[in-house]
Amino acid sequence: MVSGPSWTATVVVTLIINGPTDDAGHEDVGHPERPERLRAVMRGVGDLHLGDDLVTVAPHIASRAELARVHDVAYFDELGAYCYEGGGDLDADTYATYDSWSVAQYAAGAGLAVIKELQIRKSGVGFVAVRPPGHHASRGRAMGFCLLNNIAVATAELTSQGERVLIVDWDVHHGNGTQSIFWDDPNVMYVSTHQWPFYPGSGAPYEIGGLGALGTTVNLPLPAGATGDVVRQALLETAAPAIDEFDPTWVLVSAGFDAHRADPMADLALSSGDFAELAILTASFAPQPGRLALFLEGGYELDALQSSVTSSLGALLGAQLASEEPTSGGPGTEVVANVKEARLAALRVANDVGQ
Ligand SMILES: [Zn+2]
């Protein structure tokens, strides 16, 4: 186990802002997943004043073979063709432009570049600061602002090398795409804290993984208003024992910051200080330095996004940079206990069926 202060002073960042059409076509239409988000994220990184300890990695396009590990080829071929024809709405809240296919391939490849850099350095923490986000994208469907599942592409690369990957998803929404992609994969553990009931509707505690991977999906739904202490309690009491048993060799984080209390899209009540605590806790699941990377997902209030990036990355470097205190006292303590029971009951039933 490695804790934050003994981590390392290197942050590996890769950055995809957006394509030109994105700026021209969507910056002024009020879509929440907008280019200013990444500018806020990079202000948050800049507030760390890392100097030479900030290493920026040039992303490359994820190859067809790398994408095909987690997506249907027919799906991404159709997506690419749709974009080259000019794009449009993929569902009620997910759009694509002419440039989106290219940008999405770079976003998926960015995670691969960060992983490779960390493997060379054998130290540091990775931060994949890209858009579009990825955790709602499933094998064959774009959804929830997501086109390609960036963290899944990186995870599949690691498992192809024999690694056992823990994905911690602290975005306020359940990462239904990531869960479904690795549902039957015993080499990937997916742990999610999320508001419940809420979009996209999945993420119940009895969703525990397929018969070949029972227990490797850990869902921790939380009620609106839940504070950071409740999120930490859920992770420590229910997820941590399962993670210890799983024994990951890598930890990747779906680091959405829309569980912040200022975020306009959801109703959890976390502060930037809570994200610092979550980062430290998550890092403790990694076996050694250089095996942790954060992937940007949601986060739609720009000041909260900036300060949460600063505090969470700062915490991993041993710096106390949180501008807000961690929160406590919100609802959900009983829910956490009930979720734990529901998960254990589902595991008992599934094990009985499997025998
Ligand atoms: Zn989200």
Qualifying position, being within 30 Å of Ala315 (Cβ to Cβ), modelled with pLDDT of 85 or more and basic (Lys, Arg), among Arg34, Arg69: Arg34
Options Pro331, Pro264, Pro326, Pro241: the member that is modelled with pLDDT of 95 or more and within 14 Å of the ligand (Cβ to nearest atom): Pro264
Residue in region 281-291 that is nearest to the ligand (Cβ to nearest atom), counting only those that are surrounded by 22 or more Cβ atoms within 10 Å (Cβ to Cβ) and in a helix (DSSP H, G or I): Thr282
Residue count, region 69-93 (criterion: closer than 28 Å to Ser160 by Cβ and open to solvent by less than 40 Å² (accessible area, probe 1.4 Å)): 7
Residue count for region 319-355, restricted to those that are part of a helix (DSSP H, G or I) and open to solvent by 60 Å² or more (accessible area, probe 1.4 Å): 11
So Gly203, is it small (Gly, Ala, Ser), open to solvent by 10 Å² or more (accessible area, probe 1.4 Å) and at pLDDT 95 or above: no
Subset of region 310-328 that is touching a Ser or Thr at 6+ places or on another chain (Cβ under 6 Å) and of a type in the set (Ser, Thr, Tyr) - its residue that is nearest to Ala286 (Cα to Cα): Ser311
Index of the failed condition, Gly225 passing every other in (1) open to solvent by 30 Å² or more (accessible area, probe 1.4 Å); (2) out of contact with any helix residue (DSSP H, G or I) (no Cβ under 6 Å at 6 or more places or on another chain): (1)
Residue check for Ser311: touching an Asp or Glu at 6+ places or on another chain (Cβ under 9 Å) and either in a loop (DSSP other than H, G, I, E, B) or away from the ligand (no atom under 16 Å from the Cβ) (or both): yes
Residue ID - farthest from Leu158 (Cα to Cα), chosen from residues in region 172-203 that are more than 16 Å from the ligand (Cβ to nearest atom) and touching a residue at least 40 places away in the same chain (Cβ under 8 Å): Ser180
Helices (runs of 4 or more DSSP H) completely within region 150-262 that count 3 or more residues being within 17 Å of the chain's Cα centre (by Cα) and of a type outside the set (Phe, Trp, Tyr): 150-160, 176-181
Number of the exception - Asn149 against (1) away from the ligand (no atom under 15 Å from the Cβ); (2) closer than 30 Å to Asp53 by Cβ; (3) not aliphatic (A, V, I, L, M): (1)
Residue identified as surrounded by fewer than 19 Cβ atoms within 10 Å (Cβ to Cβ), more than 16 Å from the ligand (Cβ to nearest atom), among the charged types (D, E, K, R) and more than 28 Å from Asp184 (Cα to Cα) among Lys122, Lys116: Lys122
Any hit, region 252-259, residues being surrounded by 24 or more Cβ atoms within 10 Å (Cβ to Cβ) and more than 14 Å from the ligand (Cβ to nearest atom): yes
Criterion violated by Asp169 - all others in (1) crowded, with 22+ Cβ neighbours inside 10 Å; (2) more than 26 Å from Trp101 (Cβ to Cβ); (3) acidic (Asp, Glu) satisfied: (2)
Residue identified as crowded, with 24+ Cβ neighbours inside 10 Å, over 16 Å from Val165 (Cβ atoms), of a type outside the set (Asp, Glu) and within 16 Å of the ligand (Cβ to nearest atom) among Leu294, Leu316, Leu302, Leu278: Leu278
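The values are calculated or read from the model by the stated rules, or taken from the named source; none is laboratory data. This structure is a prediction, so every number in the text was calculated from the model and none was measured. Cβ: placed from backbone, ideal geometry, glycine included. Neighbour counts: every protein chain shown. For accessibility, only protein heavy atoms count, side chains too; no ligands or nucleic acids. Shrake-Rupley method; radii C 1.70, N 1.55, O 1.52, S 1.80 Å.
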